[in-house]
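The values are calculated or read from the model by the stated rules, or taken from the named source; none is laboratory data. The shown structure was predicted, so the numbers you read here are calculated from the model rather than taken from an experiment. Glycine gets a Cβ as well: all are built from the backbone with ideal geometry, and neighbour counts include every protein chain shown. Note: areas computed on protein heavy atoms with side chains; ligands, DNA, RNA excluded. Shrake-Rupley method; radii C 1.70, N 1.55, O 1.52, S 1.80 Å.
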Amino acid sequence: MSGFEADNNGVSISVAADHKTVADFEVSKKPKRNKFAFACSILASLASILLGCDIGVMSGAIIYIKDDLKISDVQVEILVGILNLYCLIGAYTAGRTSDWIGRRYTIIVAAAIFFVGALLMGFATNYAFLMVGRFVAGIGVGFALLIAPVYTAEVSPASSRGFLNSFPEVFINIGLLLGYVSNYAFSKLRLDLGWRVMLGAGAIPSIFLAIGILTMPESPRWLIMQGRLGEAKTVLDKTSDTKEEARGRLSDIKAAAGIPEDCIDDFVQVQKQTHGEGVWKELFLHPTPVVKHVLICTVGIHFFQQAIGLDSVVLYSPRIFEKAGITSSDHKLLATVAVGLSKTIFILVATFLLDKIGRRPLLLISSGGMVVILATLGFSLTIIGHSDNKITWAIGLCITMVLSSVAVFSIGMGPIAWVYSTEIFPLRLRAQGASIGVAVNRVTSGVISMSFISLYEAITIGEAFFLYAGVALVAFFFFFTFLPETQGKTLEEMEGLFGKLVGRREETQKLKRKRKMNEANHQIQLGNNLTTDRQC
């Protein structure tokens, strides 16, 4: 049969004789990865490598800093953890800066600041000088932690936003692994030189980051907020899976920015943004039920990501391995490389699961797994601590649980905190809202990393991990109660998922029905266009 006619609400749809059917014009339910969006996300996420490098390098360098500068355990805790508090300044400033000069140039600012901080740490002559370098580097890390997820969320199509927006966490882990490897490589240098080279080498990634960022476009959402519709349309066409999706994204962002739907000019005058003034009032003083729910989810997911104590495992893994019976510095550093490798492998696995399984299931699996792993780690360390003899099975169990903890964390809680918190805020609140998440994340991380040694000396190292296991259990119930699934939703559809704890399933089903109706209408329109072409 050469063709057929189908009637759809009185509209005749003729199918061409060259065997094309309406199905040929259907929007693919599983579109191919958008290569341009992929490249932009990779470049933006390189900013996150700065934090990973710092954490990885400092975990090993601190062994030699302590011996060289003769500092106490309290000074070690402060030096390791204070960068997280300095991040607050960077994160707060980055939210306003990114609304002012754009997401792209804010990443360049982050790279420049971290470059200076790394050099200062590398040339530090004493503890006070080293703390100045940590301050500057911390501001740069704060910039990077805020802006990389925001840019990636705004440039990604809905079909692969989870995959692409997990890249910042991927590069944190890659930076962590690079830091561990450089520690081992430079550990053979003399005592006063090795740790300085370790810290100073962190300036190298920031150079490549700044150069790479110059090749990527500005965020389409920021461009629209500036009235630069022509440029935004070009970026959306390149970063969307289909032309229809690009038009839909453009329409949604224009509506969120208060620009009329029928406005097609390349440049329009928009109300001058206040670069954050007024946004804080909407977030804290007069939040709607939706904004309030979004804030609870953002604060909660970032708090629990750090409060379960994973930073204690990562930053103090040499001490944990020492408690487990590994006394050689070389062996401890090699063991930390294994930690970094495990963390990196499983974060890569998570990137492919986010848009297939969803955010919520992975969060529940990850937090539930952390309860078991942290409790088992606490048990093995308690057994080792109470025995005068070397217990091989307990040492093996301890090392296995350390590696398992970073793996299970990386498959859920690690990347999803950044993905989730940047995709759920409305456009007008996104930069400042994301900065709140970064602030909570870094404060909690700072408290955990600056108190771990004092905590396990006050109780025991085993009991410290039992405490973290209890926090992970609370995290599981928080995620189960408050966090709706956001998989596959556009950034502009998120508002319907928040504001109520009851009825989320119905709202999700409503969004699915709406999407199916839009796809059906799109197919009808394609059929009509095909009929017109044949008549012509």
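Annotations
- For region 440-477, a residue qualifies if it is closer than 14 Å to Cys297 by Cα and either touching a His at 6+ places or on another chain (Cβ under 6 Å) or open to solvent by less than 30 Å² (accessible area, probe 1.4 Å) (or both), and the qualifying residues are Val440, Asn441, Ala475.
- Within region 207-316, helices (runs of 4 or more DSSP H) holding 3 or more residues that are of a type in the set (Gly, Ala, Ser) and at pLDDT below 85: 243-257
- Checked against the criterion of being touching a Phe, Trp or Tyr at 6+ places or on another chain (Cβ under 6 Å), assigned to a helix (DSSP H, G or I) and open to solvent by less than 10 Å² (accessible area, probe 1.4 Å), the candidates Gly133, Gly142, Gly117, Gly138 yield just one match: Gly138.
- Candidate set: region 50-75, residues that are among the hydroxyl-bearing types (Ser, Thr, Tyr) and touching a Phe, Trp or Tyr at 6+ places or on another chain (Cβ under 9 Å); chosen: the one least open to solvent (accessible area, probe 1.4 Å): Ser59
- Matching option when the condition is surrounded by fewer than 20 Cβ atoms within 10 Å (Cβ to Cβ) and either under 17 Å from Gln432 (Cβ atoms) or touching a strand residue (DSSP E or B) at 6+ places or on another chain (Cβ under 9 Å) (or both), among Ile82, Ile101, Ile78, Ile147: Ile101
- No other residue among Val349, Val339 is crowded, with 22+ Cβ neighbours inside 10 Å, out of contact with any Pro (no Cβ under 8 Å at 6 or more places or on another chain) and either touching a residue at least 12 places away in the same chain (Cβ under 8 Å) or in a helix (DSSP H, G or I) (or both) apart from Val339.
Okay, residues lined up against (1) crowded, with 24+ Cβ neighbours inside 10 Å; (2) part of a helix (DSSP H, G or I); (3) within 27 Å of the chain's Cα centre (by Cα); (4) touching a residue at least 60 places away in the same chain (Cβ under 8 Å):
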{"position": "Glu154", "(1), (2), (3), (4)": "yes, yes, yes, yes"}
{"position": "Glu169", "(1), (2), (3), (4)": "yes, yes, yes, yes"}
{"position": "Ile172", "(1), (2), (3), (4)": "yes, yes, yes, yes"}
{"position": "Val181", "(1), (2), (3), (4)": "no, yes, yes, yes"}
{"position": "Tyr184", "(1), (2), (3), (4)": "no, yes, no, yes"}
{"position": "Lys188", "(1), (2), (3), (4)": "no, no, no, no"}
{"position": "Leu193", "(1), (2), (3), (4)": "no, yes, no, no"}
{"position": "Val197", "(1), (2), (3), (4)": "no, yes, no, yes"}
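- Some residue of region 30-41 being under 20 Å from the mean Cα position of the chain (by Cα), of a type in the set (A, V, I, L, M), at pLDDT below 90 and within 25 Å of Ile347 (Cα to Cα): yes
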